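Each remark here refers to the structure printed beneath this line.
The values are calculated or read from the model by the stated rules, or taken from the named source; none is laboratory data. None of the values given here were measured: they were computed from a predicted structure. Every residue, glycine as well, gets a Cβ built from its backbone with ideal geometry; the counts of neighbours run over all protein chains shown.
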Amino acid sequence: MMKLRDRIIAGERAAIAKAITLVESSREEDIIQSHELISELIKSPGHAIRVGFSGPPGVGKSTFIESFGSYIVNKNFKLGVLAIDPSSNFTGGSILGDKTRMSEISKNENTFIRSTPSRGSLGGIAVGTREAAIILDAAGYDYIFIETVGVGQSEITAANLVDIFTLIVGPGSGDELQGIKKGITEYADIFIVNKNDGDLASQASKTASDYKSALSFYNKDSDALETQVVLVSSIENKGMDEVLDSYNKIVNVNKANNQFDKRRENQLAYWLEEEVRNKILLKLRSEKETSELLEREVRRIIVGETGFYAASKVIIDRFLSKK
């Protein structure tokens, strides 16, 4: 693991790929090794800015990431892209098409693209995404893009992984109720209105205006930066300067008012709680006695011998009594 750590810090692509495969593995031996590796890499943090991308299907997330990614690497920045593809709940299969769609940007030596199946993981990200970001950061990448599986309430998990959360929308989605809607929209630091070209240009412009109008009524802390709204065309490469300027502005303002570090501290607390929660659930499922008790309580609920909350208390009390 120490040799692999050194190779990652040196920026070796093969070592990065090997490490990400390790943190995605469910094998007990790999989990132990990945924990050792990540614990070492955290001691050698880089300077990467983590940017999350979400949005409904069809708005052009991958197309925008390729267009903006090309713009980034042409400015001599190193870019890592972690694209999460949805998995089938029945077969576990995944298309993993993002690397294919990002064919041009993947050829650049300053980019590293990894498509990972979600494997049923909630929150729009996959198992090991957080650790993969740590690996790319330690390897010296300047920007790490995380493209989530789609958009929904559960994708707030992805917002707890990045420094800037980007919501990509299409023309016609910007009526004021949509713009101010509770849920994922209130986590966004910036709205990118894509497809500002051709016959859709006027509609895209109206959508951006609708979002700006709706967001003007959204109360934020007095020292917080107002949510940015930027018009872009991925196929015509328009608006990329404005997006980078907005990202730099968000980072600079958040660092100046200490929100950048505070956000990362809150995220650390979030992921620590997640780790503890997952370990407890794994323990519950792996213990035969607890598993059998859970099955018995489910049957008792069904036949009316007990209630839902009473049953959960029985299971929790039994689990805690064994500690």
Requested in this report: Could you pull out the residue among ASN248, ASN266, ASN278 that is exposed (fewer than 14 other Cβ atoms within 10 Å of the Cβ) and assigned by TED's automatic domain parsing to the domain that holds ALA188?
Outcome: ASN248
Requested in this report: Six or more apart or on different chains, Cβ under 7 Å: which pairs go from a residue in the range 302-322 that's under 16 Å from GLU287 (Cα atoms) and without any contact (Cβ under 8 Å) to a residue 40 or more places away in the chain to one that's of a type in the set (A, V, I, L, M) and surrounded by 14 or more Cβ atoms within 10 Å (Cβ to Cβ)? Could you list them?
Outcome: ILE315/LEU293; ILE315/LEU294; ARG318/LEU293; PHE319/LEU284
Query raised in the report: What pairs come up if the first residue lies in the range 55-78 and is in the same structural domain as ILE144 (by TED's automatic domain parsing) and surrounded by fewer than 24 Cβ atoms within 10 Å (Cβ to Cβ), the second is of a type in the set (Val, Ile, Thr) and in a loop (DSSP other than H, G, I, E, B), and their beta carbons are under 8 Å apart, counting only those six or more places apart or on different chains?
Result: PRO56/VAL151; THR63/ILE235
Query raised in the report: If you check LYS288 against the conditions, is it more than 27 Å from ASP163 (Cα to Cα), surrounded by fewer than 15 Cβ atoms within 10 Å (Cβ to Cβ) and not assigned by TED's automatic domain parsing to the domain that holds ASN194?
Result: yes
Query raised in the report: Among the residues of the range 7-44, how many are touching a helix residue (DSSP H, G or I) at 6+ places or on another chain (Cβ under 6 Å), within 25 Å of LEU282 (Cα to Cα) and free of Cβ contacts under 8 Å to residues at least 24 places away in the same chain?
Result: 2
Query raised in the report: Listed residues HIS47, HIS35; which is at pLDDT 90 or above, out of contact with any His (no Cβ under 6 Å at 6 or more places or on another chain) and outside any helix (DSSP H, G or I)?
Result: HIS47
Report summary line: By residue number, the members of the range 1-50 that are loosely packed, with under 15 Cβ neighbours inside 10 Å, more than 30 Å from ASN254 (Cα to Cα) and aliphatic (A, V, I, L, M) are MET2, ALA14, ALA17, ILE31, ILE32
